[in-house]
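Asks: One structure, pasted below without further comment.
The values are calculated or read from the model by the stated rules, or taken from the named source; none is laboratory data. As the structure is a prediction and not an experimental result, all values here were calculated from the model. Virtual Cβ from ideal backbone geometry, glycine too; neighbours counted across all protein chains shown.
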Amino acid sequence: MKNVNVVLGLFYGDEGKGKIIDYLSKSSDYAVRFSGGNNAGHTIKVDGQKFAFHLLPSGILNENIKAVLGNGVVIDPKVLCEEIESLKTCGFSVSNLYISDKAHLILPYHIVMDGILEESRGENKIGTTKRGIGPAYCDKFERSGIRMENFISDDFDKLLKRNLDNKNKIIEAYGYEPLDYDSILEEYKALASMLKEYVCDTTSMMHKAIKNDERILCEGAQATLLDIDFGSYPFVTSSNPTIGGVSTGCGIGSRYINNVYGVIKAYSSRVGEGPFVTEEFGETGDMIRELGHEYGTTTGRPRRCGWLDLVALNYAVMVNGVTALAINHLDTVSKMDKIKLCTAYKYKGMVIDTFSSNLEFLENCEPIYEEFEGNFGNISGFDNFDDLPDNAKKYINRIEEVTDTPVKFIGTGADRDDIIVRDDKTLKLVR
């Protein structure tokens, strides 16, 4: 019955979850997205062609899989329709897409409100993508949100009118022009017609699949250190991209979960504001950014870059019950002369190896590093761990040793097939 595997980001997002999801979906019957909205970006490169998904589950590229948007996702219908049409244009079918009737909508007033709120924060801005994610979740928990089941029904007209009347009062109070009900209704009615065929009770679907011994892959958006509860609050996202989000975001209980794969990069990166203990501000950070092409999939913003933080990684492994790690971008650090791993912090004169999301703590921590030899050479195309250069194996082995967690997947390049997958026998020897 434990046929549910989970893929989670462990740091600040952008770890390359799409590659791991794409690989695992080949042996899955369902790929389920359970949290976040189109503030996320999963990029997959197939035969030289790049696909950037913001809402669609990454597994949708595998034609034999059922791709599901769970109830925990907040959906911008306009963005979703654009992604569907883009895939169709590229020759992919989306007849395997299913959308939870309980998923909440992002509507134009959410996007306007997001921008207004971020601007009003001034120097205390969070670094939101301004896609309307936070305001949509606010409405969900304030119980005035509009769900997919409302969107495709006759109720949408009056619910939109009710919400827009209330939001326009706030928008006008900030000195902005009110949004027009008639134009939004016309546009979104057309979008509802396009999406209606995909909407269903996905929770019941999941449990029928479990009973039929089918394999389910749950994919998270963003990552652990951006979690609304466990991340560096308030510089976080508005949902739970950690393991608990699986149950609340698609209705699958913990008894059905088998492996939890935590995805990281061989270094660290972050978009937006907030603490980042191992950030490199000078030449090293710039080099990592350029070698790793670290620019946001959703916003295009340059990402802040630095070394891999094993103190934070241990925290993420603990919170999520991670059973194995996936490390991407090993090829990026392979081009550097020296590589560092943060194995402890120095805080007010004390050496500490435990993580806290407390802002004062993180802002006053200094990383304590171990240094490794780089220059692995060109490792793209390697498919066996034993064939990696010794320097690369030492680096991976040290990560396993400090985290007490095996590394099952190693990304060695940008394409979907640039990946080393270690068998369970090898992993048991490592442990």
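Asks: Need at least 2 residues that are free of Cβ contacts under 8 Å to residues at least 12 places away in the same chain and aromatic (Phe, Trp, Tyr) per element, so show me which helices (runs of 4 or more DSSP H) inside segment 201-302 make the cut, counting only ones lying wholly within it.
Replies: none
Asks: Can I ask one more? Enumerate the pairs (first residue in segment 48-60 and within 25 Å of residue 71 (Cβ to Cβ); second residue anywhere and assigned to a strand (DSSP E or B) and of a type in the set (Lys, Arg)) with beta-carbon separation below 6 Å, excluding pairs fewer than 6 apart on the same chain, so at least 6 apart or on different chains.
Replies: Correct list of pairs: 57/33.
Asks: Shifting gears a bit: Determine which member of the set 189, 161, 211 is assigned by TED's automatic domain parsing to the domain that holds residue 77, more than 30 Å from residue 276 (Cα to Cα) and not aromatic (Phe, Trp, Tyr).
Replies: The conditions single out 211.
Asks: Report yes if some residue within segment 355-362 is crowded, with 18+ Cβ neighbours inside 10 Å, touching a strand residue (DSSP E or B) at 6+ places or on another chain (Cβ under 6 Å) and touching a residue at least 24 places away in the same chain (Cβ under 8 Å); otherwise report no.
Replies: no
Asks: Kindly indicate the residue of segment 210-238 that is closer than 16 Å to residue 316 by Cβ and hydroxyl-bearing (Ser, Thr, Tyr) and also modelled with the highest pLDDT among those meeting that condition.
Replies: The extreme case among them is 224.
Asks: Could I ask something else about it? Restricting to segment 251-290, and then to whatever is of a type in the set (S, T, N, Q) and touching a strand residue (DSSP E or B) at 6+ places or on another chain (Cβ under 7 Å), can you tell me which residue is surrounded by the fewest Cβ atoms within 10 Å (Cβ to Cβ)?
Replies: Result: 258.
Asks: Continuing with this model, one more query. Of all residues in segment 84-110, count the ones that are assigned to a helix (DSSP H, G or I) and either buried (at least 21 other Cβ atoms within 10 Å of the Cβ) or in the same structural domain as residue 142 (by TED's automatic domain parsing) (or both).
Replies: The qualifying residues number 3.
Condition check ((1) in contact (Cβ under 8 Å) with a residue 40 or more places away in the chain; (2) acidic (Asp, Glu)) across all residues:
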{"position": "119", "(1), (2)": "no, yes"}
{"position": "122", "(1), (2)": "no, no"}
{"position": "180", "(1), (2)": "no, yes"}
{"position": "189", "(1), (2)": "no, no"}
{"position": "195", "(1), (2)": "yes, no"}
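Asks: Oh, and also: Among the residues of segment 249-262, are any within 30 Å of residue 375 (Cβ to Cβ) and modelled with pLDDT of 95 or more?
Replies: Yes, segment 249-262 has at least one match.
Table: residues versus (1) without any contact (Cβ under 8 Å) to a residue 60 or more places away in the chain; (2) of a type in the set (D, E, K, R); (3) surrounded by 16 or more Cβ atoms within 10 Å (Cβ to Cβ); (4) not in a loop (DSSP other than H, G, I, E, B).
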residue	(1), (2), (3), (4)
375	yes, no, no, no
383	yes, yes, no, no
395	no, no, yes, yes
399	no, no, yes, yes
414	no, no, yes, no
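Asks: Checking residue 234 against (1) farther than 17 Å from residue 5 by Cα; (2) within 17 Å of the chain's Cα centre (by Cα): exactly one of these is not met. Which one?
Replies: (2)
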